Every structure is written in C-alpha cells, then in structure tokens.
1. May I ask for the net charge around A:PRO28, where only other residues with Cβ less than 14 Å from the Cβ of A:PRO28 are counted and Lys, Arg are +1 while Asp, Glu are -1?
2. Any residues in the range A:65-81 that have 10 Å² or more less accessible area with all protein chains than in their chain alone, probe 1.4 Å, and which are they?
3. Would you mind calculating the relative contact order of chain A from Cα pairs under 8 angstrom and at least 6 residues apart, reporting the percent as a whole number?
4. Calculate the length of the line joining the C-alpha centroid of the range A:66-86 to that of the range D:82-113, in whole Å.
5. Before we go on, tell me the buried accessible area for the C/B pair, both chains summed, 1.4 Å probe, in Å² to the nearest 100.
6. Shortest first and in nm to one decimal, what separations exist between B:LEU165 and its copies in the other chains, measuring from label points 7 Å along the Cα-to-beta-carbon line?
7. Any chance you could tell me what percent of the C-alpha pair distances in the range D:4-192 go past 21 Å?
8. Does the protein assembly as shown classify as rounded, prolate or oblate by the C-alpha gyration tensor (a ≥ b ≥ c root eigenvalues; a/c under 1.5 gives rounded; else a/b over b/c gives prolate, otherwise oblate)?
4 protein chains.
Amino acid sequence: MNKSRLEAFSDGVLAIIITIMVLELRVPEESTWAALRHVAPTFLTYLLSFVYVGIYWNNHHHMLQLASKVNGTVLWANLHLLFWLSLFPFTTSWMDETGFDPVPTAVYGFDLLFAAVAYFLLQRTLIRGQGVDGPLARAIGRDWKGKLSPVLYLVGIAASFWQPLVGVGMFVVAALIWLVPDRRVERFVAEHGTAGR
Amino acid sequence: MNKSRLEAFSDGVLAIIITIMVLELRVPEESTWAALRHVAPTFLTYLLSFVYVGIYWNNHHHMLQLASKVNGTVLWANLHLLFWLSLFPFTTSWMDETGFDPVPTAVYGFDLLFAAVAYFLLQRTLIRGQGVDGPLARAIGRDWKGKLSPVLYLVGIAASFWQPLVGVGMFVVAALIWLVPDRRVERFVAEHGTAGR
Amino acid sequence: MNKSRLEAFSDGVLAIIITIMVLELRVPEESTWAALRHVAPTFLTYLLSFVYVGIYWNNHHHMLQLASKVNGTVLWANLHLLFWLSLFPFTTSWMDETGFDPVPTAVYGFDLLFAAVAYFLLQRTLIRGQGVDGPLARAIGRDWKGKLSPVLYLVGIAASFWQPLVGVGMFVVAALIWLVPDRRVERFVAEHGTAGR
Amino acid sequence: MNKSRLEAFSDGVLAIIITIMVLELRVPEESTWAALRHVAPTFLTYLLSFVYVGIYWNNHHHMLQLASKVNGTVLWANLHLLFWLSLFPFTTSWMDETGFDPVPTAVYGFDLLFAAVAYFLLQRTLIRGQGVDGPLARAIGRDWKGKLSPVLYLVGIAASFWQPLVGVGMFVVAALIWLVPDRRVERFVAEHGTAGR
C-alpha cells in the first residue's frame, strides 16, 4: 500500500498543530516592551511545543523513509500518534495559563509520554512488517534516545508535583537530546538507500 | 484525470477537520484533577469524532487506491462527502455543549448518516467508471459494513429522542465495527495490485 | 518549473478556507429544532461559499492539468487568486451576520467578482506561456461561462442595493452554472492527453 | 534524503499562516461603507503580511528546486524559518490593534528581520551541501536583494521609534523589491535544469 498519502495526511495534521499553537499567543493590549515581556513565558512554552512537534515530524520523516509496507494497522498506529500530538495545543495552553501549576504541568508530561509510547508502537508495527533484520530495525539499533526520553518524562511528571519548573526542565532536556539530529537513519540511507515508495 | 490532487485536497480538509475539533476543548480555569475530569465528556466526544474522521480517511485511502478514472462527477461526489464531514466540529460541539440533549444528539447522528450516504454515492460513482466487474466493485464485495452502519445510525437517531446516551452508544458501536481494519481492499491489492496513478 | 508545489500550496489554502467557514457556524445555546432552524440562513450561506470554493478548486484542477510552464508570474497570479478567495470567510460572515444588508451583500459580490477577475488573469498568464493555439486556449474555447459570470456578479451587486436577496439569487445562479461539470477540459484531455508534469 | 516531504510540510504551514491572518479581520457590526473603511488599515496590514508570506513561499519554492541533498540540519534550518513566519499572525495583529504604535511596529520589523536571517541560514545550509560552485550558489550570485532587505528592516525598526508609519513604509519597500520576480533561478533552471527530486 502506498505510503505517500500517509505522509501527506500526517504532514497536514502536524502543520496545523504547530501553527494553531501560535493562536494561543494573545496580543497584548498595551504597546510596551513590558507587555511583550509579559508574553515571554507563553512564548517560551509555545517554543517548547513547537520544537516537540518539529522533533516528531523529523523522526516521522526519517522512519517512514525506511518503511515499505503500509497496511491498515500502520494507518491506525499513525492516527494514534497524531491523536496525542493534536492534544498539544490543549495541554500547552493549560500549563501556560495556570502559570505552571502542578497538575497541568504533569498532564503536559503525560501528553509527551503518551505521544512517545504511540511513536514506539508505530515503530514496532513498521518493524513487524519488515522483520527484525529489516532496514528500520537495523537503522534504529539500540534506540537509547527512544528509551531514555520516557524515563525523563516520568521523572518530569513526578517532579511537577514537587517543583513544576523542575518538571518542565526535564521536558526541555528531553527535547534537547532529540534536537541533535539523528544520524542513524541518514547513515543507513547513505549506505543502503531508502525503502522506495 | 489525475487522482493525486483529489487525494491531496481531501487529506488537507480531513487534517483540518480532525485538528479543529481539539479547539473545542476549552482549557479549564482551575488546576485540579477535578477540573480535568470535568473536561472528560468533551474529551471522549472529541475522541469519537476523531475516530470517525480517521475511519473516513482510512476508507477513502483504500477506495481511491482502486480508483483509476477521476472525472468532474467524482470531484463533486468527493466534495459532497467533505461537506458533511466538515460539519463534524459543529455537530460534535452542539451535542457536547448541551450535555447530550435529544435534538443535538439526533443531529449528530444525521451528520453521520449523511456522510455515510455521501461516501456510498462516491463509491457508486467510482464503480460506475469501472463497471460492476471492475477492481473496486470486486474488492468491496457485499459491503456488509457499509450497509449495516446506516441502520445503526438510524436506530441511534431514534434512540436519541428516548435515551440520548443509548443513541451515542449506537454511534460508538458503528465506529468500532469500522475500526477493525478492512482487509478486503488490502487482500485484493496484494493479489491484483492497485489501479496505478 | 515544477507545477506540483503550486498545486499543493493552492490545495492547502483552499482546504483551509473551505473548513474555516464552518467555524462561523455558532453552536446554538438551546437544544431545539427551532434553534437549529435559526442557524439555517448561516448554514445556507456557508453552503454557497463552500460550493464557490469547490468550483474554484475544480476549475483550478482542470486548468492546471493543461498548464506546462509555471514561472514567477504564474505563482503571483495564483497568489492573487488565493488572496480574494481567502477573503470569503470574512465577506460571507459579514453578509450573514448583518442579515443580508445591502452593503455587505454587495461586498460579497465584489469578492466574487475580484476572484473571477483574478482567475481570468491566471488563465491569461498560463495561455500566454503556451501561445493562443496551445492546449489550454483550445480546451477553453469561447469560455462563455467565464464571460457570463462576471456579468451576473455585477447585476447581483447592483441588485443588492435594491433587494439584497435578489443579489444573492444572482450569485446562486452563477454558482449553479458552474456546478454543471466543465466537460471541455475533460474532452480535450481524453483526446489529446494532459500537459504532463 | 527525499525533499518532497520538506516541501509538503512547508507548504502546509505557509498555507495555514497565510489563511489564519484573515481571521484577524473582525467583521464590522454595522452594514455601511464607513464601517468597511474602518477595517481598511487592518485589511492593508493583512495584505502586507500576505505578500510577505507569498514572497517567502515563492523564494522557498525556487531555492528548493536547486537543492538536492536534504539532511537533518536542513530540516531544522527550515523549521527555524517556519517558526519566525508562524509569528506573523501575532506580530501583524499586535501592530494593527495598537494602531501602529512604536514598539509593536518595531517588533513586526524584528519578525521580518529574524525570518530573513533564518532564510539566509537555510540557504547557507543548502549551499554547504553542494559546494560554493554548486547550482544554488551559482544561481543566487551576489544576492543583492538578500543583502539589502535586512538593512531596510533595520532602518525600518529604527524609524518605528520616531515615526512608525515611516518604519512600515520601509517594510513595504522591502516587499516591493522582492515582488519583482526573481529571474536568477528561472534563468539558471532554463539553462541547466533543476537538481531533480
């Protein structure tokens, strides 16, 4: 089954999620630098979620390049991932508007965690279609980033009930780890080529 | 005529519909689990509509794979389907905000029903271009799901005037029936290949 | 220059315009059929604009199939068209919320008119790249629909100051004329093939 | 790595940005020409940002045609550009709603400046992948437009604190310079062909 429509639909949903969040940036009523500084926390929160959607888009892009078979299960595993990502505008907004209160910060962390689990399930589904010595399994290798980040999310969630900003700090660290571009797939493609369309 | 733009436009509209509904999720003002639990019905209603748009996207994807000829009638049959789907944010929102009152729940059911009819008409239009022994007609076969779900919608609409939540239950059942991936088209493609671009 | 990105960008913008208008449909506060009937004028106005965007998408689709050369001028002629179409949510909303008052109805007509002019200019630009005996010029032929509809818009605008609903009637008639699928391009493609990618 | 998904995602984000801004156009409550004239400054501000997004889309389109290698660094350089462009609805809105006050006008200029810097960095990243005598570097040449516009933005920002409308005038001039279609890439493609997919 053709994977290009799966990519196009995912691109559309991710493009909308990433852009909708900017609507949360309420225009200040005053015309001063102080008013802009007042928006700064919202701005930085928006930036964090923007980076996360960017990370998911990048990883999705890389992963799909090595996928060949796309069946009904893959489509639903992908929609499951998009569902948790589509809640980002909501969870980001709640965390931001309550000024990083414990529960909303933890809920933001749960959204990150569920999205990570959904991504992992999508990856498993794609690998199952290729076998454990298929290109995707070999390119991903030990996947230490994929294993470390849920731990960071869980630590961040726990920390939120004690010091929410420490929780947010964990989420920022997890994002930074992913920001380092993932050379595994690129190196693999350079050596073996993609799975084709 | 090229079908890739029809797919791209439909993907765009469906991606927007599925993401716009999340905007209905109003951020709670309080920072408690109780406040989040308060959003739960809205969340579940949003999930139901998300799943329905996902089902339509999946089925659309499968159906178009076996379509070869795309003419002006197909374009309008497709826009007709997108019209009823684009009303989902409205009907979902009305049903949710009135707390599942009879009329809004029935109207939600009518939206499901009209979308199903529009999908059926699009399918007919595509089959007419191929003949009754064309790949699409043979892949679809008896189409018991396509015949059962309008019945469930009608029963759900009727039930809404008596016990709205029973009506919603019907809509959930109809969604679950579709969630089981439709192997007909996949099996057909595996055996005979797609209709090409 | 590759035309597929022009198509993809236009599809995206048109998909958003067509879906954004549904956001104008305010959810009624009451749960009665009467409340729904109250939304009916808005619903029908939305339907009219939905059909117009659909018409533009269809015609754009057909026209681009016969286009081969896409240069910078074509890109800007296309953006010019998208600009007037992107004002539809605004003009539709104003006309609807004022209950079809003269000025807003006329402004809606002007938006239709400017979009038609922009479409005509885009068509001219594409034909100029092919020569007057190129495939597009030959497929379009006398273009009586393209010549009649601006007249209908102008008559509708004038009528708006006298009886706005007569003006709206003109806009409906012009839409109906276009709803009849345009066989010219299809027939031409069937005989001569498309201009390729 | 395949560049078509990078293009599709960017097209989606740009399409949403350009269309979201129209939502800032608040429908007037009265039905008079005077009420419409009242919206005129907002309309013109929206037009300026529409043109800027159009310019970025056009230039992005041209530049990517000559790009061959797309790696992780390119994906992030592209997301960086999209980030600053996605702030346009916010900065446009603030400048407009405060009636072109000094600080919001300067902030609008900073958004233009940061987007220009991000575009420049994306261009550098792409050129680095090809070498300084690669097709992109040769097509761009001396890039006087790319060097002049940041100067105009800086002058405009400075002028905003003295006479905001002079600042806006600078931003309009910079847009007009880009509106003249960029023949460099087109000429280059006509002579040497694109970099392929």
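The values are calculated or read from the model by the stated rules, or taken from the named source; none is laboratory data. Values in this document were obtained by computation on a predicted structure and should not be read as measured data. Because the Cβ atoms are built from the backbone with ideal geometry, glycine has one as well, and the counts that use them run over all protein chains shown. Only protein heavy atoms, including side chains, enter the accessible area calculation; ligands, DNA and RNA are left aside. Shrake-Rupley method; radii C 1.70, N 1.55, O 1.52, S 1.80 Å.
1. On the way: positive: A:ARG26, A:ARG37; negative: A:GLU24, A:GLU29, A:GLU30, D:ASP96, D:GLU97, D:ASP101.
Computed value for this residue: -4.
2. The answer is A:GLN65, A:ASN71, A:GLY72, A:THR73, A:LEU75, A:TRP76, A:LEU79.
3. 26 percent
4. Distance between centres, Cα-based: 37 Å.
5. 3200 Å²
6. Once sorted, the set of distances for B:LEU165 reads 4.5, 4.5, 6.3 nm.
7. Looking at the range D:4-192, the distances longer than 21 Å represent 53 percent of pairs.
8. rounded
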